[in-house]
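See below for the structure under consideration.
The values are calculated or read from the model by the stated rules, or taken from the named source; none is laboratory data. The model shown is predicted, which means the values in this text are computed figures rather than measured ones. Quick reminder, even Gly has a Cβ in these numbers, built from the backbone with ideal geometry, and neighbours come from all protein chains shown.
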Amino acid sequence: MAKKIAVLPGDGIGPEVVAEAVKVLEHLRRDFGLKVELETAVVGGAAYDLHKQPLPQATLRLARQADAVLLGAVGGPRYDTLPRDLRPEKALLALRAELKLFANLRPAILYPQLASASSLKPEVVSGLDILIVRELTGDIYFGEPRGVRKLANGERQGFNNMIYAEHEIERVAKVAFEAARKRGKKVCSVDKANVLETSGLWREVVERVHADYRDVELSHMYVDNAAMQLVRAPKQFDVIVTGNLFGDILSDEAAMLTGSIGMLPSASLDAANKGMYEPIHGSAPDIAGKGVANPLATILSVAMMLRYTLNESALANRVEGAVAKALDRGLRTGDLYTEGMTRAGTAQMGDAVVAAI
Ligand code: IPM
Ligand code: MG
């Protein structure tokens, strides 16, 4: 039976980059017998414009029914002054929570062709291959109570809660150890256990889970040091596992090591490997509609979908290989451009990948 994919292009460059990823899926369907059926729905600011809410019921229903979700990006300056619950970002957070996508996999891989686009020296980043496993449905992102309250003296005070229950730590730690087993067999758990109780518990539970994964080497690092080590000697890492907030920050940092955030895909998985797949970059309103955005992160997100949800790892390898071939040909979108390369637009890059498949 065909697997159903919910396609949620979203805002800004979202629709442009998703269009290229859809080209890839359609090509795999036509020429490689991939059995998928795509259905599109609005999300984020685009949904707010039409329905006055960022995640309409119909979109949530489609996402629930689907085997996988392909998402572009959400957000834009037009929506930044809306009440928090109506902002595009809320749709993303609600999808993560509603679909129970607690494990967010963010690989940071440096393509050898792009070594010169990294802001670090080639010898520091060449061969870089890190996987950040970010917990995605807990922590200060969802902790209650939250809000802005009035103090007795009339001053306002903002508050959020960093909260983790043991089962939340346990399940994401397992995902990290399992992933490490299939690659470099090292997990570094990142926390702030020198200051935060939540982190103390995090460390304890990760240690406990580790008892079942003695073949994997476990280390712990405080988040401030991890931020420093990522730019000092990033190749020391294999798998990094961390909470929602620290993972948000460190994954942007790791992205930059690879030359461009426009290259990095992500998978957000539930306990049964149903997933939402999206580039880690945002909606980039400054370049939206110009046809210059880099579609490779979204195309590589399709590769992750093939691998994790559709169990088509041969096709996943093929898509990743095709991305490398397009780069080998010297094609570069603006974010990756260096002298001597050939400038490509969004569609041209997508076409080059399809041709190389
Ligand atoms: C990300 C983004 C989101 C997050 C925003 C858009 C809510 O930065 O996916 O990393 O903070 O999780
Ligand atoms: Mg982020």
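Among ILE240, ILE249, which is under 30 Å from LYS121 (Cβ atoms) and within 12 Å of ligand 1 (Cβ to nearest atom)? Explain how you work it out, then say what you get.
Numbers: ILE240 fails: within 12 Å of ligand 1 (Cβ to nearest atom).
Exactly one residue qualifies, and that residue is ILE249.
Within the set of pairs 6+ apart or on separate chains, which have a first residue in the range 66-83 that is more than 12 Å from TYR48 (Cα to Cα), a second that is within 16 Å of ligand 2 (Cβ to nearest atom) and among the acidic types (Asp, Glu), and C-beta atoms under 8 Å apart?
LEU70/GLU278; LEU71/GLU278; GLY72/ASP11; GLY72/GLU278; ALA73/ASP11; ALA73/GLU278
Quick one: which residue in SER313, SER301 is under 21 Å from LEU92 (Cα atoms) and assigned by TED's automatic domain parsing to the domain that holds ILE5?
SER301
Restricting the search to the range 229-284, which residues are within 13 Å of ligand 2 (Cβ to nearest atom), farther than 26 Å from ALA68 by Cβ and either in a loop (DSSP other than H, G, I, E, B) or charged (D, E, K, R) (or both)?
GLU253
Residues in the range 201-223: is at least one within 16 Å of ligand 1 (Cβ to nearest atom), of a type outside the set (Gly, Ala, Ser) and either out of contact with any His (no Cβ under 9 Å at 6 or more places or on another chain) or not assigned by TED's automatic domain parsing to the domain that holds VAL133 (or both)?
Checking the range 201-223: at least one residue is within 16 Å of ligand 1 (Cβ to nearest atom), of a type outside the set (Gly, Ala, Ser) and either out of contact with any His (no Cβ under 9 Å at 6 or more places or on another chain) or not assigned by TED's automatic domain parsing to the domain that holds VAL133 (or both).
Answer with yes or no whether GLY147 is without any contact (Cβ under 8 Å) to a residue 24 or more places away in the chain and either among the small types (Gly, Ala, Ser) or within 16 Å of ligand 2 (Cβ to nearest atom) (or both). Spell out how you get there, then give the answer.
Details: without any contact (Cβ under 8 Å) to a residue 24 or more places away in the chain: yes; either among the small types (Gly, Ala, Ser) or within 16 Å of ligand 2 (Cβ to nearest atom) (or both): yes.
Criteria met by GLY147.
Taking the condition of being touching a residue at least 12 places away in the same chain (Cβ under 8 Å) and either within 15 Å of ligand 1 (Cβ to nearest atom) or out of contact with any helix residue (DSSP H, G or I) (no Cβ under 9 Å at 6 or more places or on another chain) (or both), how many residues in the range 278-311 meet it?
Number satisfying all stated conditions: 13.
Taking the condition within 15 Å of ligand 1 (Cβ to nearest atom) and of a type in the set (Phe, Trp, Tyr), does TYR164 pass?
no
With the checklist (1) buried (at least 17 other Cβ atoms within 10 Å of the Cβ); (2) out of contact with any Phe, Trp or Tyr (no Cβ under 9 Å at 6 or more places or on another chain); (3) assigned by TED's automatic domain parsing to the domain that holds GLY291; (4) not basic (Lys, Arg) in hand, flag the one item PRO77 doesn't pass.
(1)
Return the pair list, or none, for Cβ contacts closer than 6 Å from residues in the range 229-256 that are closer than 15 Å to ASP139 by Cα and at pLDDT below 95 to residues that are more than 16 Å from ligand 2 (Cβ to nearest atom) and outside any helix (DSSP H, G or I), at least 6 apart or on different chains.
Partner pairs satisfying both residue conditions: none exist.
With the structure loaded, tell me whether GLY350 is surrounded by fewer than 18 Cβ atoms within 10 Å (Cβ to Cβ), closer than 20 Å to LEU114 by Cα and at pLDDT 95 or above or whether it fails that test.
When the stated conditions are applied, GLY350 does not pass them.
Rundown of residues vs (1) surrounded by fewer than 18 Cβ atoms within 10 Å (Cβ to Cβ); (2) of a type outside the set (Ser, Thr, Tyr), yes/no style:
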position	(1), (2)
LEU99	no, yes
PHE102	no, yes
PRO107	no, yes
LEU110	no, yes
SER118	no, no
LYS121	yes, yes
VAL125	no, yes
ILE130	no, yes
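Identify all residues within the range 59-114 that are farther than 28 Å from ALA173 by Cα and not in a helix (DSSP H, G or I); write none if there are none.
Listed by number, the residues that qualify are VAL74, GLY75, GLY76, ASP80, THR81, LEU82, PRO83, ARG87.
Of the residues ASN317, ASN294, which single one is of a type in the set (S, T, N, Q), surrounded by fewer than 24 Cβ atoms within 10 Å (Cβ to Cβ) and modelled with pLDDT of 95 or more?
After ruling out the rest, the residue left standing is ASN317.
Yes or no, residue by residue, for (1) free of Cβ contacts under 8 Å to residues at least 40 places away in the same chain; (2) at negative phi; (3) within 16 Å of ligand 1 (Cβ to nearest atom):
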site: LEU93; (1), (2), (3): no, yes, yes
site: ALA97; (1), (2), (3): no, yes, yes
site: LEU101; (1), (2), (3): no, yes, yes
site: LEU105; (1), (2), (3): no, yes, yes
site: ILE109; (1), (2), (3): no, yes, no
site: SER116; (1), (2), (3): no, yes, no
site: PRO122; (1), (2), (3): yes, yes, no
site: SER126; (1), (2), (3): yes, yes, no
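Restricting to the range 252-277, name every residue that is under 22 Å from LEU62 (Cα atoms), among the acidic types (Asp, Glu) and near ligand 1 (Cβ under 9 Å from one of its atoms).
Result: no residue meets the conditions.
Residues in the range 131-144 that are hydrophobic (A, V, I, L, M, F, W, C), part of a strand (DSSP E or B) and either within 13 Å of ligand 2 (Cβ to nearest atom) or outside the structural domain of ARG181 (by TED's automatic domain parsing) (or both): how many?
Number satisfying all stated conditions: 1.
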